[in-house]
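The values are calculated or read from the model by the stated rules, or taken from the named source; none is laboratory data. Remember, it's a predicted structure, so these values are computed and weren't measured experimentally. Glycine gets a Cβ as well: all are built from the backbone with ideal geometry, and neighbour counts include every protein chain shown.
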Amino acid sequence: MKYDFTTILRREGKDAIAVDMPTNYEGNYGKVKREEGFDVIPMWVADMNFPVVDSIQKAIIERTNHPAFGYFTPRDEYFDLIIKWQKEHNGVDVRKENIGYENGVLGGVASACKVLMSQGDSVLLHSPTYVGFTGTLLNAGYKIVHSPLLKQDGTWKMDYEDMEKKIVDNKIHVAIICNPHNPSGRVWSKDELLKAMEIFEKHQVYVISDEIWADLLLNGNKHTPTQSVNEYAREHTIAVYAPSKTFNLAGLIGSYHIIYNKWLRERVLKEESLSHYNNMNVLSMYALIGAYGEEGKQWVSELREVLSGNINFACDFIKENLPGVNVIKPEGTYMLFIDCEEYCKKNEISMDDLILKGWKYGVYWQDGRPFHGEYNIRMNLALPLSRVEEAFKRLKEHVFD
Ligand SMILES: Cc1ncc(COP(=O)(O)O)c(C=O)c1O
C-alpha cells in the first residue's frame, strides 16, 4: 500500500468527539468505569481514524501561506474537480450549473425539504434510519413515515408494496433515499432504484437522495447514482454529495448538491440563500480540491481495500466467535449494524447493560436503537485493522463472554 492505514492515529486533544470519552461514564445508560489497561477504541461517530491523504493538507497549507482570507467566489477548479470526480466514479455528466454548495449534507436535506414540503407534511424514509435524518426532519416540523427494510435472502431489501401503501395513505410527495444506506450498508442496485422510482413517478413523489457514502464501496460493489436510473429520477431528485465522509473532512464542513432540473435547482438555491448561512469556507474549498485530484483517487481505492478487509474480518469473526450475534455484511460504508437480539434474550442482558459492557473495556460502540434497531449496535470499522482485531478480541473475552 502506498498510503498509511496501519499507524494508530492518536486523536486525543485534537478536537475529536470520537475519542472524547470520560473514564467514568454516568448518564442515560447507567454507570460504568473504563477498566484500567483498556484504551479507547473509537467505534461510534462516523468519522475515520486514518490520516487524510497528503494532498489535502498540502492544498490547505499552501493556501494558508497567503495572508488574506477575504470574501471569495469558488474557483473553477472546485467545480471542474467535482465534474471529473462524478464522471470517473459515478459515470455521470454533471455541469457546473448543476452543482451547488451545501453547508453539510443534512443542511442540504433540510433546504430541499423546505422547497418540497410544508410543515406537518409527511416524508417517506426507510428504517433502520440514519439518526441525523430523524433529528433534522422532526426539528423542522415534518412527519416521518417509515417503510421498514426487509431482511431477505441474507440482505436488506426495500418493501415496495409497503412504500406505495404508505405514500398513498399519507399523501406523501417526498421520499429520502440514503444511497448507500446508513446504517444497513446496502448499496442499492439500478433495478432496486428503478422499482422505487416507478412508484415515486406514479404518485408524484420527489426524491432527496443522500449520497454521502457513494465513494465508500466494499468488496467491489458499485454505486448507482439515484438520478441516473431514468428521466423521472433525473428531473425529480435532489442529490447531496460530499468529500467529508470519503476523506474524513467532517470538521471542515463542505458538501454539494447536484440538481439537473432548473426549476428545482432555483427553488433550492433560493431557499438556502434566505438564512445567509450557506456559505463556503475557503479552506474547505481547498480541502475538496486536495481530495478530488489524482492522489485522492488512489487513496480512496486503497481505503476501499482496507475497509473491505476490516468488514470481512469482523463479519467472519462474529460468525465464528460470537454466538447469538448476527450481522448482514454491508456492501458499502464502514459501519456494521450488529444484531444482538438472540444474545440478549438468551443471556437475559439488556441493551443498556450490553452497551455499557463494551464501553467498560474501551470498545466505544454506538446504540443502534436511535437508528431503529431494537437490539442493534452500530460499529464504525474505519480504524487500522490491528485496532479492529483488538476490539473484537475484547468483545469475545470480556463482553460476549
Ligand atoms: C447518511 C448520512 N447523511 C448525512 C450525514 C452527515 O453529513 P453532514 O455532516 O455533512 O451533515 C451522515 C453522517 O454520518 C450520514 O451518514
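A few comments on the model shown:
- Total residues in segment 336-367 satisfying the condition of being in a helix (DSSP H, G or I), closer than 20 Å to residue 47 by Cβ and touching a helix residue (DSSP H, G or I) at 6+ places or on another chain (Cβ under 8 Å): the figure is 1.
- Within segment 92-113, residues that are without any contact (Cβ under 8 Å) to a residue 12 or more places away in the chain reach partners that are more than 14 Å from the ligand (Cβ to nearest atom) with beta carbons closer than 7 Å, at six or more positions or on different chains, in the pairs 93/87.
- Among residues of segment 143-184 being away from the ligand (no atom under 16 Å from the Cβ) and of a type in the set (Gly, Ala, Ser), the one that is nearest to residue 226 (Cα to Cα) is 147.
- Residue tally, condition within 16 Å of the ligand (Cβ to nearest atom) and of a type outside the set (Gly, Ala, Ser), over segment 225-247: 10
- For segment 82-107, the set of residues classified as among the charged types (D, E, K, R) and within 14 Å of the ligand (Cβ to nearest atom) consists of 102 only.
- Residue-level check: of (1) closer than 30 Å to residue 225 by Cα; (2) among the hydroxyl-bearing types (Ser, Thr, Tyr); (3) surrounded by 12 or more Cβ atoms within 10 Å (Cβ to Cβ), residue 29 misses just (1).
- Residue within segment 199-207 that is in contact (Cβ under 8 Å) with a residue 60 or more places away in the chain and among the aromatic types (Phe, Trp, Tyr) present: yes
- Every condition in (1) surrounded by fewer than 21 Cβ atoms within 10 Å (Cβ to Cβ); (2) more than 23 Å from the chain's Cα centre (by Cα); (3) on the phi < 0 side of the Ramachandran plot holds for residue 298 except the one numbered (2).
- Residue 282 vs. criteria within 13 Å of the ligand (Cβ to nearest atom) and either touching a residue at least 24 places away in the same chain (Cβ under 8 Å) or under 22 Å from the mean Cα position of the chain (by Cα) (or both): no
- Contacts under 9 angstrom Cβ, first residue in segment 119-134 being without any contact (Cβ under 8 Å) to a residue 40 or more places away in the chain and over 18 Å from residue 377 (Cα atoms), partner more than 11 Å from the ligand (Cβ to nearest atom) and not small (Gly, Ala, Ser), 6 or more apart: 119/142; 120/142; 120/143
- The set of residues in segment 194-217 that are more than 16 Å from the ligand (Cβ to nearest atom) and either aliphatic (A, V, I, L, M) or crowded, with 24+ Cβ neighbours inside 10 Å (or both) comprises 194, 196, 197, 199, 200, 205.
- Filter result (free of Cβ contacts under 8 Å to residues at least 24 places away in the same chain and within 16 Å of the ligand (Cβ to nearest atom)) within segment 248-278: 275
- Looking only at segment 277-332, residues that are polar (S, T, N, Q) and more than 27 Å from residue 68 (Cα to Cα) come to 7 in all.
- Any hit, segment 40-56, residues being assigned to a loop (DSSP other than H, G, I, E, B), free of Cβ contacts under 8 Å to residues at least 40 places away in the same chain and not aromatic (Phe, Trp, Tyr): no
- Count - residues of segment 320-338 that are surrounded by fewer than 23 Cβ atoms within 10 Å (Cβ to Cβ) and more than 23 Å from residue 367 (Cβ to Cβ): 1
- Residues being under 22 Å from the mean Cα position of the chain (by Cα), buried (at least 18 other Cβ atoms within 10 Å of the Cβ) and assigned to a helix (DSSP H, G or I) - total across segment 372-390: 2
- Of all residues in segment 20-39 being part of a loop (DSSP other than H, G, I, E, B) and hydroxyl-bearing (Ser, Thr, Tyr), the one that is modelled with the highest pLDDT: 29
- Per-region count, segment 150-189, residues surrounded by 15 or more Cβ atoms within 10 Å (Cβ to Cβ), farther than 18 Å from residue 134 by Cβ and basic (Lys, Arg): 1
- Subset tally (residues that are of a type in the set (Ser, Thr, Tyr), outside any loop (DSSP other than H, G, I, E, B) and either farther than 20 Å from residue 203 by Cα or within 11 Å of the ligand (Cβ to nearest atom) (or both)) for segment 108-141: 4
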